Amino acid sequence: MCAERLSSLTTTKLYKVERIHKDQGSEFKSEHLEDCDRELILSTTGEESRHTDCAVVEGFNKTLEHAATALALTALSNPDHAIELHGELSRHATKLIRLRARTAFQKEAGISAWREQTLTNPPTDEPSIRWGSLAYGFIKKEDRSHKLAQRAYAALYVGTDDVILGAARLVPFTVLPDGSTKFFKTKVTKTYQ
């Protein structure tokens with residue numbers, strides 16, 4: 001899908017999407033159309049079997065797939081883990097892609113996709129922790145069952161959060177007796193190491 005308009009990458013309150021262009025896929029029927037009607041968003045569709053109608057989106061999806069795969073190959077030892085963490089991989093890969101110039105105009109102007117879309121510079125206070133690194137998230141005192149309970153959980157660092165500034169996104173995990181790894185829901189926290 002393509003959304004036309006300058007936008008904020010961290011909140012929807014600063015802009016309104018006015019038009020969405022999509023392919024003929026069934027995922028864009030029913031609820032999607034109802035949402036567009038409710039929000040007064042023009043929803044246009046490309047011609048069936050004409051792949052060039054959504055070429056920008058398809059090109060981005062290919063770049064996103066390559067970037068997410070590269071992240072997974074360098075950070076994870078098991079391909080099944082990449083499937084379990086595909087949402088976080090895609091989220092972080094999208095963030096990395098936005099920090100680079102992609103179009104001819106962006107390259108000529110020396111600006112990133114982020115800069116063109118938001119008219120602001122990307123944050124420069126990002127921690128220099130690699131995606132997939134081991135991290136420990138601290139458990140709040142009131143969330144511990146007793147005084148000697150575990151004070152931290154092991155997790156994978158999967159980037160910074162876009163909504164809570166300065167917070168990290170951590171995916172807690174545990175290694176099961178058979179050696180396999182079980183991942184849990186992503187936690188957003190500022191108390192981690």
Degrees separating the helix 55-75 axis from the principal Cα axis of the chain, which is the longest one: 20 degrees
Region 36-167: relative contact order as a whole-number percent, Cα under 8 Å and 6+ apart: 16 percent
Glu88 - accessible surface, heavy atoms, 1.4 Å probe, Å² rounded to 10: 20 Å²
Acute angle (nearest 10 degrees) that the helix 86-98 long axis makes with the longest principal axis of the chain, alpha-carbon atoms: 60 degrees
Amide hydrogen neighbours beyond the local backbone of Ala101, cut-off 5 Å, H modeled: Ala113
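Mind checking the per residue accessible area of the chain for me, 1.4 Å probe, whole number of Å²? Could the numbers behind the result be given before it?
Working: 13310 Å² over 193 residues.
Ligands and nucleic acids excluded, the result is 69 Å² per residue.
How about region 108-193: which chymotrypsin sites (Phe, Trp or Tyr not before Pro) there are in a DSSP loop, with at most 15 other Cβ atoms within 10 Å of their Cβ?
Values: sites: Trp114, Trp131, Tyr136, Phe138, Tyr153, Tyr157, Phe173, Phe183, Phe184, Tyr192; in loops: Trp131, Phe184.
Filter output for region 108-193: Phe184.
Tally Lys/Arg at +1 and Asp/Glu at -1 over every other residue whose Cβ is under 13 Å from the Cβ of Lys95; what's the total?
Value of the local net charge: 0.
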Signed unit charges on C-beta, dipole axis of the chain, positive-most listed residue Gly159, Thr52, Leu71: Gly159
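Using +1 on the beta carbon of Lys and Arg, -1 on that of Asp and Glu, and nothing else charged, what's the dipole of region 68-183 about the Cα centre, debye to 20?
Details: 15 positive and 12 negative charges, 45 e Å.
Charge dipole of region 68-183: 220 debye, to the nearest 20.
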Gaussian network model of the chain, springs between alpha carbon atoms under 10 Å - residue of Pro127, Pro79, Pro177 with greatest fluctuation: Pro177
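Of Lys22/Lys187; Lys95/Lys185; Lys22/Lys62, which sit over 22 Å apart, Cα to Cα?
Pairs exceeding 22 Å: Lys22/Lys187.
In whole percent, how big is the carbon plus sulfur part of the accessible area of region 41-193, probe 1.4 Å, protein atoms only?
Numbers: 5690 of 10260 Å².
Answer for region 41-193 is 55 percent, counting heavy atoms of protein chains only.
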Highest-MSF residue in the chain out of Gly159, Gly132, Gly179 [GNM, Cα springs under 10 Å]: Gly179
Correct choice for mean projected area of the Cα convex hull in nm² that was computed from the model, options [x] 14.7; [y] 11.1; [z] 20.4: [x]
Most mobile listed residue (Leu85, Leu148, Leu64) in the chain, GNM with C-alpha springs under 10 Å: Leu148
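The values are calculated or read from the model by the stated rules, or taken from the named source; none is laboratory data. Predicted model, so just to flag it, every value in this text is computed and none were measured. So basically every Cβ, Gly included, is an ideal-geometry build from the backbone, and we count neighbours across all protein chains shown. To get the accessible areas, we keep the full protein, side chains included, count just its heavy atoms, and leave off ligands, DNA and RNA. Shrake-Rupley method; radii C 1.70, N 1.55, O 1.52, S 1.80 Å.
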